[in-house]
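Engineer: Sharing a structure here in structure tokens format.
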Amino acid sequence: MTLLLRRSRPLLHLHPLPSSASAAAVASPHGPFASFPLDPSLPDPIPRPREAGSGGGGGGGGGERAMRVHGGRPLPLPRPSHHPSYSRLHRPRHQAPPLLPRPLPRLPRSPPLQGQMPLLNPKSLLSTSACPSESDTDSAEEHDESKQPWPPASESHAKEVERVCKVIDELFASDRNMEAVLDECGVDLTHSLVIDVIERFKHAHKPTFRFFRWAGTRPGFSHDASTYNKMLSVLGKTRQFETMVAFLEEMGKEKLLSMEAFRISIKAFAAAREMKKSLGIFQLMKRYNFEAGLDTFNCLIEALAKAKLGKEAQALFEKMKDQYPPDLRTYTVLLLGWCKLKNLVEAGRVWNLMLEDGFKPDVVAHNTMIDGLIGGQRRSEAIKLFELMKAKGPIPNVWTYTILIRDLCKGEKMDLAVKCFEEMLEAGCSPDAATYTCLIVGFGNARQMDKVSGLLREMTEKGCPPDSRTYNALIKLMTNRNMPDDAARIYKKMIKNGFEPTIHTYNMMMKSYFHGKNYEMGCAIWEEMAQKGICPDVNSYTVYIGGHIRHGRPEEAYKYIEEMVTKGMKAPPQIDYNKFAADFSRAGKPDVLYELAQKMNFSGKFQVSNVFHGWAERMKKRVKKRVPNQTGSRLF
């Protein structure tokens, strides 16, 4: 790649596309936060947003305010569509607010914010199919932010963890007295051992919680804040909110509450759109003499923004901004919330408000807006903002370029992606593994495998070797192209180069083998997961159960569906239940289908329950038709 662009010319020439309306997500709480009575001074969880521009989409809502960039004069927001001149020029289209005023004075490189959690990390930023990450795959939320790093485990510690996990795995599913066997094992309990065992079963809250309770009753051992927080994280991710509420109360009585526990709870409740419970955390903090400061408030609205509750985050900000005076991070997370909803009008209002309060948007805020403009189909304005950053600051960083490259790869515009990459090098900005991964996936989807090989060599030569995300992207690419042998070669190279496969890696490998009609190797991957202590998640079970069904083994599929339900996990959402039921029907086992129908009904899978019940009824009728009468002839 030797083609360089002249810095004096715009990077890309893309015509603006009409913005598409996007309805803002509306959430309603699922009931009162019974254990945490809300303070009357707290706002209503879902107050009404401002009238102007409250609708979704890039062009909704007129208003008299203007959109501007720091240092420039404001430009008017788009007029309402009923305005005569607007209708005459644009007719049915709606326009997002223009973002570019007069040039800014050149700014120095923005220093990083001190003492704050990173607002947008690379993994959450690059979450599209063009630049795959763990977050956009079948396995969500594999990066446990609450996990505390422990020193490398000794061999004896690893063996003890393995011994405990084997007891839990074998006895819990069979409904035997797991606790009694653990008592007899003489386990040397430590906090690190408890945390490692919980980590092994982090997707299955029932066995995890039983082990946690058992450990708390053992003589000479008592839980500390780290073990409580680990268990709290599992309850939050598996959405066991009633248990979680009682657990927080218990932590308070044991004087083991911490800011980390509140952060875990806020994120879990907000991700599930449990607004009342999220706000109830503030009341709990007050009750136990914790100060809910701006960092905690920012954590809440950031969690809401990432859950696509930008409207609720904005309304909460409006109600509580006097109590929690905003900082740059506050405005940036609000910007993120509206950009995720593709509501560029409201994003523009937040940008203006940020300027009016005296804050200079840093590179993170600019990246957020550029990403939002691209997501809202306003690519030309994203490019203009990018050009303005190059001219006046803040200087674009590696993520700025990666956002643009990712979008071009997703749109199969590989020539422009290469030009953007070359301009990045010319500007003195070194690409990282995520940038290369976007290009690799782009060329892979374009079936230019020679370019993929060249990029992999270049990564090593430039001192930026492929990371686990690059390998996962390659495995996914081969899986989608039904090339299981190539996926296996990449998997082996990944391990050889010292990268531990993630649960997503295993899920993709299983899927690759099952779809490639290699049932034995698909099962071998499942066994390898068990040997390495990888806790299967819902997606792992879905792939594995689907593989059994695909290869005509309904009994094995039934066994693992039962195992999921026993562990407190939801029944697999995406398997061929019709084929599964039909296989059992042909085997003449109506009782199994009735039993499954009942279990699915209890799990909330009503449609699946109806499928099983319907097949059981049809099979029952077929059996009845074949019953002979007293004369020995068939009834029909």
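Taken together, the values in this text are just the output of simple stated rules run on the coordinates, not laboratory data. Bear in mind the structure is a predicted one, so any value in this text is a computation, not a measurement. Reconstructed Cβ throughout: ideal geometry from the backbone, glycine too, with neighbour counts over all protein chains shown.
Engineer: Neighbour counts of other C-beta atoms within 10 Å: give me 223, 548 arranged from fewest to most.
Structural biologist: Lowest count first: 223, 548.
Engineer: Which of the peptides 426-432, 216-222 is most tightly packed, and how do the rest follow, going by the mean number of other Cβ atoms within 10 Å of each residue? Before the final figure, lay out each step's value.
Structural biologist: Details: 426-432: 14.0, 216-222: 11.3.
Highest mean packing first, the order is 426-432, 216-222.
Engineer: Return the distance in nm (one decimal) between the two label points of a simple spin-label model at residue 591 and residue 206, each offset 7 Å from Cα along Cα→Cβ.
Structural biologist: Here the answer is 2.1 nm between the modelled labels.
Engineer: Applying the Karplus parametrisation 6.51 cos²θ - 1.76 cosθ + 1.60 with θ = phi - 60° to the phi angles of segment 532-548, what ³J(HN,Hα) value in whole Hz is obtained for each residue in order, glycine and proline being reported as x?
Structural biologist: 8, x, 8, 6, x, 9, 4, 5, 4, 4, 4, 5, 5, 5, x, x, 5
Engineer: I would also like to ask the following. Ranked highest first by the average count of other Cβ atoms within 10 Å around their residues, in what order do 304-317, 563-576 fall? Show your work: numbers first, answer last.
Structural biologist: Numbers: 304-317: 24.8, 563-576: 17.6.
So the peptides 304-317, 563-576, ranked by packing, come out 304-317, 563-576.
Engineer: So how do 328, 256 line up by other beta-carbon neighbours within 10 Å, fewest first? Please report the intermediate quantities before stating the final value.
Structural biologist: Details: 328 20, 256 17.
Ordered from fewest to most neighbouring Cβ atoms within 10 Å, 328, 256 come out as 256, 328.
Engineer: If you don't mind, there's one more thing I want to ask. Find how much the distance from residue 610 to residue 286 grows on full extension, using 0.36 nm per residue of separation minus their present alpha carbon separation; answer in nm with one decimal. Please report the intermediate quantities before stating the final value.
Structural biologist: Numbers: separation 324, 0.36 × 324 = 116.64 nm, distance 4.76 nm.
Value of the extension gain: 111.9 nm.
Engineer: Sorted from fewest to most neighbouring beta carbons within 10 Å, what does the list 450, 371, 357 look like? Don't skip to the end; give the middle numbers.
Structural biologist: Numbers: 450 8, 371 25, 357 14.
So the residues, fewest neighbours to most, are 450, 357, 371.
Engineer: Still on this structure, I have one more. Step through the residues of segment 387-392 one at a time and calculate ³J(HN,Hα) from phi using the Karplus curve (6.51 cos²θ - 1.76 cosθ + 1.60, θ = phi - 60°), rounding each to whole Hz and writing x for Gly and Pro.
Structural biologist: Listing the rounded values in order: 4, 5, 4, 5, 7, 10 Hz.
Engineer: Sequence neighbours fewer than 8 away in the same chain don't count; with that in mind, list the lysines whose C-alpha is under 29 Å from residue 360.
Structural biologist: Residue 360 reaches 123, 267, 306, 308, 311, 319, 321, 340, 342, 384, 390, 392.
Engineer: Explain nothing, just compute: Karplus ³J(HN,Hα) = 6.51 cos²θ - 1.76 cosθ + 1.60, θ = phi - 60°, for every residue of segment 178-192 in order, whole Hz, x for Gly and Pro.
Structural biologist: Going residue by residue, I get 4, 5, 5, 5, 4, 4, 6, 6, x, 5, 8, 6, 9, 5, 5 Hz, with x marking Gly and Pro.
Engineer: Sort 243-249, 525-531, 372-378 by packing, meaning the average of other beta carbons within 10 Å per residue, with the highest value first.
Structural biologist: Numbers: 243-249: 19.1, 525-531: 15.9, 372-378: 23.6.
Result, highest mean Cβ count within 10 Å first: 372-378, 243-249, 525-531.
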